[in-house]
1. Inside segment 47-79, can you point out the residues that are touching a helix residue (DSSP H, G or I) at 6+ places or on another chain (Cβ under 6 Å) and either over 20 Å from residue 5 (Cα atoms) or not in a loop (DSSP other than H, G, I, E, B) (or both)?
2. For segment 24-46: of the residues being part of a helix (DSSP H, G or I), more than 22 Å from residue 143 (Cβ to Cβ) and free of Cβ contacts under 8 Å to residues at least 40 places away in the same chain, which is farthest from the chain's Cα centre (by Cα)?
3. Could you check how many residues of segment 166-189 are in contact with a helix residue (DSSP H, G or I) (Cβ under 9 Å, 6 or more places away or on another chain) and within 17 Å of residue 104 (Cβ to Cβ)?
4. Any idea which of 257, 216 is surrounded by 15 or more Cβ atoms within 10 Å (Cβ to Cβ), under 16 Å from residue 139 (Cβ atoms) and at pLDDT 95 or above?
5. Test residue 211 against the stated conditions and say whether it is without any contact (Cβ under 8 Å) to a residue 40 or more places away in the chain, farther than 17 Å from residue 62 by Cα and crowded, with 20+ Cβ neighbours inside 10 Å.
6. Farther than 22 Å from residue 69 by Cβ and out of contact with any helix residue (DSSP H, G or I) (no Cβ under 7 Å at 6 or more places or on another chain): is that true of residue 136 in this structure?
7. For residue 10, all conditions in the list (1) in a loop (DSSP other than H, G, I, E, B); (2) modelled with pLDDT of 95 or more; (3) touching a helix residue (DSSP H, G or I) at 6+ places or on another chain (Cβ under 9 Å); (4) more than 16 Å from residue 239 (Cα to Cα) hold save one; what is the number of the exception?
């Protein structure tokens, strides 16, 4: 059985003391590929180093995204999009480049309350969408308390195409209505450890309604450890718990769920 963790922040200092051991545990648990989103542009050089270190040679094959998290808009300036383009252009000259997405980008109104900053988030989100289109890369989207505006932007930027591979809504906490709409515009729904929490029956009910060909699994580590590991540092091997919970929601085996979500991730990110 093989799994792909489609969203993990393994460059964070939470792993500085045991990163190699943690990644080995993930590989031994069946996680053979991993997508590492970018929160701030200052992370990019380190992410690129890690993609070379974890190259699939008897270990996890690590891929990355480039972008800016909506909670860090103060770090975006008029040159930021050009900086991302420069990094991508250099990577594309390499025979085995590892850049597979733009993000994580999106909208976060939970942490950002004032209307001026929210408008700025929307502008930066659209700039990163333009980069995704330029390089024909999928988006990794963070959205929190901004469902209506996120949907409006995606509908405006992407034509309706159920079979497109435009990106993923990561760490999903929305309802079935939002999920069904973005799926029709070529997006996937990615579930994190939140779907395993005892109180979140509604998320498991939503998950069971979403077409399996549009489902991904992720840890969002080091955050949001699944129910069985609550209170501990999250890590990629724990994606197994998320796969098990979703398998139960769909009433299929964990092996079948793993196979389907792996194929989905391979297709979306062209891994």
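1. 62, 64, 66, 70, 73, 76
2. Among residues in segment 24-46 that are part of a helix (DSSP H, G or I), more than 22 Å from residue 143 (Cβ to Cβ) and free of Cβ contacts under 8 Å to residues at least 40 places away in the same chain, the one farthest from the chain's Cα centre (by Cα) is 24.
3. 12
4. 216
5. It is false that residue 211 is without any contact (Cβ under 8 Å) to a residue 40 or more places away in the chain, farther than 17 Å from residue 62 by Cα and crowded, with 20+ Cβ neighbours inside 10 Å.
6. Yes; evaluated as a whole, the condition is true for this residue.
7. (4)
Yes or no, residue by residue, for (1) surrounded by fewer than 18 Cβ atoms within 10 Å (Cβ to Cβ); (2) on the phi > 0 side of the Ramachandran plot; (3) modelled with pLDDT of 95 or more:
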| position | (1), (2), (3) |
| --- | --- |
| 2 | yes, no, yes |
| 6 | no, no, yes |
| 19 | no, no, yes |
| 24 | yes, no, yes |
| 27 | no, no, yes |
| 31 | no, no, yes |
| 34 | no, no, yes |
| 57 | yes, no, no |
| 64 | no, no, yes |
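The values are calculated or read from the model by the stated rules, or taken from the named source; none is laboratory data. The structure displayed is predicted, hence computed values, not measured ones. Neighbour counts are summed over all protein chains in view; Cβ atoms, including those assigned to glycine, are modelled from backbone coordinates with ideal geometry.
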